[in-house]
Amino acid sequence: MSAGRGRVLMRVLTHLVRQEAALAATPVPGAAEGGDARAVRRARNVRRALESLGPFYVKVGQMLATRPDIVTPEMIGEFEKLQDEVSPAPFGDFEPVLRQELGAGWAARFRDIDTQHPLGTASLSQVYRAELPDGRPVAVKVQRPGVRETVEADMQLMGSLSRFVSRRAWRFNEVIDVEAMLNVVFDAMRPELDFVMEARNMTEAAKAAEDFDYVQVPEVVEATGRVLVQGLAPGTPIREADKDRFDAEERKAIGQDLLAFMYRGYFVDRIFHADPHPGNIFVAPGHPATLIDWGMVGRIDRPMSTSILLLLLNLAMNDGAGTARAWIDMGSATSWANTPAFAGDMASLVPQIATASLEELNFGVTLTAVLQHSTRRGIRTSPMVSILGKSFANIEGSIRHLCPELSLIDVFSEELVGIVTDLVKESLSPQQAVRTALEVITAGAAAPQQLRGITKDLSNRDLTMRMNLNGSRSARRSTGLRRGAADVSFALATAMLWNHYTKDR
């Protein structure tokens with residue numbers, strides 16, 4: 001980390017400490033909106049500090065807004081307000097970047113470029129409206145000079161701090177893996193520092209969007225590490241859209257396709273927009289919704305995707321016990337976990353959300369409520385849950401602006417058959433058949449050695465078994481068994497849903 005960046009961090013931290021000291025010395029009357037007045041002021045001070053430190057810390061704060069098991073309700077309320085927006089910088093700061101990335105004659109690539117009124121400003125980049133020589137309108141995204149080095153230094157520092165915390169707060173780290181959670185943020189943010197990677201994400205997403213009538217992704221015109229030229233999204237951000245300009249059928253179709261597109265990203269493609277907030281979705285009557293800003297994406301593996309799908313399926317079927325099992329399969333139970341109590345928590349929570357519409361339900365907040373219960377009960381959750389919760393919360397918040405009456409669960413149920421069909425095709429692929437055969441061969445080869453080990457332990461009277469007498473999970477339950485149970489549960493649930501679906505047809 002550079003000495004200059006170190007001084008900035010120290011200055012912000014010192015200012016925070018002084019604010020805290022002043023707050024502690026100042027009498028604060030009564031309570032404020034949503035909680036203790038002192039806690040609200042403290043949270044506001046921290047939020048402003050994160051915004052002043054720049055994009056990496058803003059992203060960390062936004063992730064923490066989905067973790068009520070780590071931060072207070074007051075902090076969550078403030079962190080939800082975090083915006084990566086800054087005052088426009090003069091074009092002169094960005095012209096050298098354009099010259100370095102596109103060459104000295106960069107201006108000849110455009111018929112016109114509005115350098116006086118940026119379309120958008122953020123701590124990572126600034127965006128300008130331009131026209132290509134053929135008259136096509138485009139958006140030109142230019143990275144701020146030196147920002148990549150700053151963010152990479154911040155990542156290195158936070159990585160070191162997370163390792164320090166994990167070594168000294170082992171019980172906390174047993175249930176919340178801070179280093180792994182930060183690594184998820186690192187992986188998701190890297191395309192924001194390299195526009196070639198962002199362009200690759202956009203091309204992949206545009207191909208996936210071809211299956212939807214009401215969703216599109218801007219075309220990539222040109223991309224370098226620090227400059228991205230893309231098609232201009234029609235309309236306005238969805239948070240500014242006038243609902244009365246859309247008829248009810250079009251509003252519903254846009255909302256359904258946006259949700260369906262995201263669901264396929266989570267469960268089939270396993271790459272999804274991690275930041276679909278209302279400023280990143282543009283809508284206009286007569287046009288598909290356009291998802292912009294593909295710098296922050298999430299990628300999940302097949303087991304994790306299956307567990308999330310099982311979780312939503314159990315929510316749709318109003319099954320609290322099944323929701324608890326699916327959640328545990330996404331992570332693991334610690335040695336001090338109380339899984340029966342967690343199942344009881346879910347039995348109380350799930351019926352409240354199973355049939356809610358977007359007017360009544362914030363699914364991202366629901367995920368964080370489950371997370372709060374699971375952490376309290378000693379369930380270690382996958383670090384991917386934070387970015388998934390952020391993505392869920394953002395997409396539903398965005399759609400709520402245009403079509404609040406839409407039911408998340410109904411759309412999920414409608415999309416489920418198509419999702420499962422694709423997953424079945426994947427399971428029957430030649431690659432999967434080869435993998436299954438290899439797993440069987442490997443398991444068969446290992447069995448004699450495992451049997452000899454058990455026999456040796458028996459002869460030495462050194463065999464320990466832990467029974468599941470009180471309903472809790474064994475501390476050493478096999479990952480393979482857990483995944484196998486998830487696959488069986490998923491197959492049975494899918495079969496029941498399919499049977500119900502075909503009868504209704």
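The values are calculated or read from the model by the stated rules, or taken from the named source; none is laboratory data. This structure is a prediction, so every number in the text was calculated from the model and none was measured. Because the Cβ atoms are built from the backbone with ideal geometry, glycine has one as well, and the counts that use them run over all protein chains shown. Keep in mind that these areas ignore ligands, DNA and RNA; they rest on the heavy atoms of the full protein, side chains included. Shrake-Rupley method; radii C 1.70, N 1.55, O 1.52, S 1.80 Å.
Quick rundown of the values:
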| item | result |
| --- | --- |
| Matching entry among 326, 321 (being touching a Leu at 6+ places or on another chain (Cβ under 7 Å), more than 30 Å from residue 227 (Cβ to Cβ) and part of a helix (DSSP H, G or I)) | 326 |
| Qualifying residue in the stretch 450-468 (condition: touching a helix residue (DSSP H, G or I) at 6+ places or on another chain (Cβ under 9 Å), at pLDDT below 70 and not in a loop (DSSP other than H, G, I, E, B)) | no |
| Condition check for residue 119: modelled with pLDDT under 95 and in contact with a Leu (Cβ under 7 Å, 6 or more places away or on another chain) | no |
| First in the stretch 411-424 and under 16 Å from residue 257 (Cβ atoms), second anywhere and of a type in the set (Ser, Thr, Tyr), Cβ under 7 Å, 6 or more apart | 412/263; 415/263; 419/263 |
| Unmet criterion (only one of (1) assigned to a helix (DSSP H, G or I); (2) touching a Gly at 6+ places or on another chain (Cβ under 7 Å)) for residue 138 | (1) |
| Residues (touching a helix residue (DSSP H, G or I) at 6+ places or on another chain (Cβ under 6 Å) and either of a type outside the set (Gly, Ala, Ser) or surrounded by fewer than 23 Cβ atoms within 10 Å (Cβ to Cβ) (or both)) located in the stretch 391-403 | 392, 395, 396, 399, 401, 402, 403 |
| Some residue of the stretch 49-68 being modelled with pLDDT under 80, aliphatic (A, V, I, L, M) and open to solvent by less than 30 Å² (accessible area, probe 1.4 Å) | yes |
| Residue within the stretch 250-270 that is of a type in the set (S, T, N, Q), within 17 Å of residue 289 (Cα to Cα) and within 21 Å of the chain's Cα centre (by Cα) present | yes |
| Residue within the stretch 154-172 that is surrounded by 15 or more Cβ atoms within 10 Å (Cβ to Cβ), among the polar types (S, T, N, Q) and within 23 Å of residue 274 (Cα to Cα) present | yes |
| The stretch 77-93, residues that are assigned to a helix (DSSP H, G or I), out of contact with any Ser or Thr (no Cβ under 8 Å at 6 or more places or on another chain) and open to solvent by less than 60 Å² (accessible area, probe 1.4 Å) | 77, 78, 79, 92 |
| Yes/no for residue 225 being over 18 Å from residue 126 (Cβ atoms), more than 20 Å from the chain's Cα centre (by Cα) and not acidic (Asp, Glu) | no |
| Spans of strands (runs of 3 or more DSSP E) in the stretch 274-318 with at least 1 residues of a type in the set (D, E, K, R) and either under 23 Å from residue 416 (Cα atoms) or open to solvent by 10 Å² or more (accessible area, probe 1.4 Å) (or both) | 297-299 |
| Tally, over the stretch 410-419, of residues that are open to solvent by 20 Å² or more (accessible area, probe 1.4 Å) and among the hydrophobic types (A, V, I, L, M, F, W, C) | 1 |
| Long-range neighbours under 8 Å by Cβ, at least six apart or interchain, first residue more than 16 Å from residue 70 (Cβ to Cβ) and assigned to a helix (DSSP H, G or I) within the stretch 156-175, second modelled with pLDDT of 70 or more and among the aliphatic types (A, V, I, L, M) | 157/9; 159/182 |
| Qualifying residues in the stretch 156-178 (those that are within 22 Å of residue 374 (Cα to Cα) and among the polar types (S, T, N, Q)) - the one modelled with the lowest pLDDT | 173 |
| Matching residues in the stretch 327-372 - criterion: being closer than 19 Å to residue 314 by Cβ, at pLDDT 70 or above and open to solvent by 50 Å² or more (accessible area, probe 1.4 Å) | 340, 347, 348, 351, 352, 372 |
